[in-house]
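The values are calculated or read from the model by the stated rules, or taken from the named source; none is laboratory data. Please read all numbers here as calculations on a predicted model, not as lab measurements. Because the Cβ atoms are built from the backbone with ideal geometry, glycine has one as well, and the counts that use them run over all protein chains shown. Heads up: the accessible areas ignore ligands, DNA and RNA and are worked out on the full protein's heavy atoms, side chains in. Shrake-Rupley method; radii C 1.70, N 1.55, O 1.52, S 1.80 Å.
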Amino acid sequence: MMGRHHARLLREIDGIQLVAVADPAGDTHGVAAGMDVLPDVDALAAAGLDIAVVAVPTRFHASAASTLASAGIHVLVEKPIADSSAEGEALADLFEARGLVGAVGHVERFNPALQQLRARLAEGEIGDVYQIATRRQSTFPARIGDVGVAKDLATHDIDLTAWVAQSSYDAVSAQTAFKSGRSHEDMITIAGRLSDGAVVNHLINWLSPMKERVTVITGERGTFIADTATADLTLHRNGTAALEWESVSTFRGVSEGDVTRFAFAKREPLRAELEAFRDAVNGLPTTLSTMREAVHVLRVVEASLESASQGGRLVRTAVHA
């Protein structure tokens, strides 16, 4: 399902030529467009490629990417990096040892609203960041069968939070729910703290009839709201006008100030991500998720699931350089 979008864009991006597609199930989604569909990743690795995209079920990420790395091929693997952080760390070691670009498809980094948000936070537009809250809700995707909502969706929110804040996770506490009769969780709530002290909260599920993709960041001088479904960014500034209403002026918190909805160019995030992959292979700096960063994201997910299995106990997350 995801591979068809990669194939569409790879055909359109300057500097990339799509020359091979592999899928043991055949061309179910009409990706090949006249090319022979190779039977497996071994055949793909033997096709003389420079780069490859791995868009397969999560449990096959590590083995497919390892096979390609062994053939000297730079790889962008869809998130999560692997089925476990141990597999992900071994994969990161392999790509580093071979001097290859190993990137992970945390595509929210290329959402225009979040790119604007990261830049504005770095410039100190709302001062110190106090809290980051995300909501990611939607109906159940029939194509996902091997992982729960934590590995499939929470990875987006964890990575984008660490990326926009430029801070890793320190500790998390979580609760899960199993409402659709599957062995994997379909709802998770995660609360925690970043290494810089910011408080975080994530609400994620596959049980909602509506689609919601919202990030709210509150700081000392205002609050940003990013809607990543529409790539809109709004800033609610703290009020600076004097309060004359007695019952309100006794309130010791902030007051409402100006509200600004920003206008900026909106490019398709997946296209921007694939262009960044091309640029990284050509030695240019990019904001792609490295495999090391993706391992940290997966560790946070694992810590969240561990916490949920223990009734929400606080679990510290390890950062390995």
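When peptides 190-196, 136-142 are ranked by their average number of other Cβ atoms within 10 Å per residue, the highest-first order is 190-196, 136-142.
Ordering 169-179, 303-313 by mean Cβ neighbour count within 10 Å, with the highest value first, yields 169-179, 303-313.
Sequence-ordered 3J(HN,Hα) estimates for segment 173-189 from the Karplus curve with 6.51, -1.76 and 1.60 and θ = phi - 60° stand at 9, 8, 9, 10, 9, 10, 10, 9, x, 9, 7, 9, 5, 10, 8, 8, 10 Hz, glycine and proline given as x. Could you give the angle, 0 to 90 degrees to the nearest 10, between helix 112-122's Cα long axis and the longest principal axis of the Cα atoms of the chain? Helix 112-122 sits at roughly 60 degrees to that axis.
In the chain, the longest principal axis of the Cα atoms and the axis of helix 61-70 are about 50 degrees apart.
The residues packed around Ala263, meaning those with a beta-carbon under 15 Å from its beta-carbon, carry a net charge of +2 if Lys and Arg are +1 and Asp and Glu are -1.
Protection proxy ranking for 271-284, 58-71, using the average of other Cβ atoms within 10 Å per residue and placing the highest first: 58-71, 271-284. Protein heavy-atom accessible surface, 1.4 Å probe, per residue over the chain: 47 Å². Here the accessible area of the chain is 50 percent carbon and sulfur, with a 1.4 angstrom probe and all protein chains present.
For the chain, the longest principal axis of the C-alpha atoms and the axis of helix 85-97 are separated by about 60°. Quick one, which of (1) 1.00; (2) 0.95; (3) 1.04 is the actual Rg/Rh (Cα atoms, Kirkwood Rh) calculated for this model? Answer label, from the structure shown: (1).
Whole-Hz Karplus values for segment 35-43 come out as 7, 5, 8, 6, x, 6, 5, 5, 5 Hz, taken residue by residue from phi with 6.51 cos²θ - 1.76 cosθ + 1.60 and θ = phi - 60°; glycine and proline positions read x.
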